[in-house]
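The values are calculated or read from the model by the stated rules, or taken from the named source; none is laboratory data. It should be emphasised that the depicted structure is a prediction, and the values quoted were computed from it without experimental measurement. Cβ placement follows ideal geometry from the backbone for every residue including glycine, while neighbour counts extend to all protein chains displayed.
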Amino acid sequence: MEHCMGELLSGCGAHSSDCSYVLVILNYRLPSLAALLWQRARLRMCADGGANRLYNELPLLLGQEESIVRERFIPDAIIGDLDSILPEVRQFYESRGTAVLDKSHDQDTVDLHKCISFVAETTTNPASINMKILVVGALGGRFDHEMGNINVLFSFRSFRIILFNDESLVFLLPRDVLHTIHVSPEHEGPNCGIIPLGRPCTATTTGLKWNLNQTSMEFGGLVSTSNMFASDKVTVSSDSDLLWTSSIKPRSGT
Ligand SMILES: Nc1ncnc2c1ncn2[C@@H]1O[C@H](COP(=O)(O)OP(=O)(O)OP(=O)(O)O)[C@@H](O)[C@H]1O
Ligand SMILES: Cc1ncc(C[n+]2csc(CCO)c2C)c(N)n1
């Protein structure tokens, strides 16, 4: 399985077919990357209070007139239990055609899960078409939220879901597949990590400063944090699902 984040981090380049993605905005600090990712998304969603972030933070992030930014950035859907979205924000987007879906009957799954379920229900076979789902505001902040967001990666393990903040990205590497990660040194690194969340694994890597060679990893033992890229091509294979993370370089002008 091939992974390449460079195009996303640079605002997308030549291989535009690989750039068909869904954007989900969560209710935590909006990364500066959000405006860039918005432009090429085929579906733009907010998870409940994520809509407040779009409404209130995006104009500040762009340093532009509130009313102009708000009219330009209208999400396709707002989904969740709707206990965080502000009434005026809901009214604003609803009046401009955004679908607002109340899933408050479900108090067992987080709003991000509800958003991904919507993508699963409305897209024909998203796993097979390799469609990426980019989630901003997913990392940092409240630790239970962060863990809830990571749990969604495991709940939809055949989907290509990537969690972002301004400093890191995180995605799942499903087990028993050779993963090739094409690194874009201009935009990512130098740090990376391979995290055996939940269960032990035996993993092999190439292209890292500290490689694994049929090496066992588990919490309480070895976990590959503060690793570094040694090549623009990294390979990873493992007998258990792993979390992959790499650092994101600050973008010029942000
Ligand atoms: N502090 C945070 N850190 C990371 N993610 C967050 C944080 N706050 C919210 N989120 C994400 O944004 C989504 C929507 O946030 P919102 O505040 O609307 O959620 P919520 O599920 O109603 O919150 P709560 O669980 O407190 O009731 C959450 O499901 C979560 O994925
Ligand atoms: C064992 C267990 N722990 C916590 C919750 C609460 N919870 C989990 S997701 C969610 C929705 C948040 O928008 C809520 C309230 C639960 N249901 N079951």
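Quick one: His105 ticks every box in (1) touching a residue at least 12 places away in the same chain (Cβ under 8 Å); (2) within 13 Å of ligand 2 (Cβ to nearest atom) except a single one, so which number is it?
That leaves (1) as the condition not met.
With segment 43-144 as the region, which helices (runs of 4 or more DSSP H) entirely inside it contain at least 1 residues that are under 15 Å from the mean Cα position of the chain (by Cα) and within 21 Å of Pro31 (Cβ to Cβ)?
So the answer is 50-62, 111-122.
Among the candidates Ala77, Ala120, single out the residue that is more than 16 Å from ligand 2 (Cβ to nearest atom), at pLDDT 95 or above and not hydroxyl-bearing (Ser, Thr, Tyr).
Residue meeting the stated conditions: Ala77.
Among the residues of segment 72-91, which ones are within 14 Å of ligand 1 (Cβ to nearest atom), among the charged types (D, E, K, R) and in contact with a Leu (Cβ under 9 Å, 6 or more places away or on another chain)?
If the condition is that a residue be within 14 Å of ligand 1 (Cβ to nearest atom), among the charged types (D, E, K, R) and in contact with a Leu (Cβ under 9 Å, 6 or more places away or on another chain), then Arg90 is the only one that fits.
Condition check ((1) in the same structural domain as Asn125 (by TED's automatic domain parsing); (2) under 14 Å from Gly137 (Cα atoms); (3) within 16 Å of ligand 2 (Cβ to nearest atom)) across all residues:
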| residue | (1), (2), (3) |
| --- | --- |
| Ile25 | yes, yes, yes |
| Tyr28 | yes, yes, yes |
| Pro31 | yes, yes, no |
| Ala35 | yes, yes, no |
| Ala41 | yes, no, no |
| Ala51 | yes, yes, yes |
| Leu58 | yes, yes, no |
| Gly63 | yes, no, no |
| Val69 | yes, no, no |
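Scan (1) of a type in the set (Lys, Arg); (2) within 13 Å of Asn52 (Cα to Cα); (3) crowded, with 20+ Cβ neighbours inside 10 Å for the single condition Lys114 breaks and write down its number.
(2)
Determine whether segment 195-207 contains at least one residue that is more than 16 Å from ligand 2 (Cβ to nearest atom) and basic (Lys, Arg).
yes
Answer yes if at least one residue in segment 118-128 is within 16 Å of ligand 1 (Cβ to nearest atom) and of a type outside the set (Asp, Glu), and no otherwise.
Checked against the condition, which is being within 16 Å of ligand 1 (Cβ to nearest atom) and of a type outside the set (Asp, Glu), segment 118-128 yields at least one hit.
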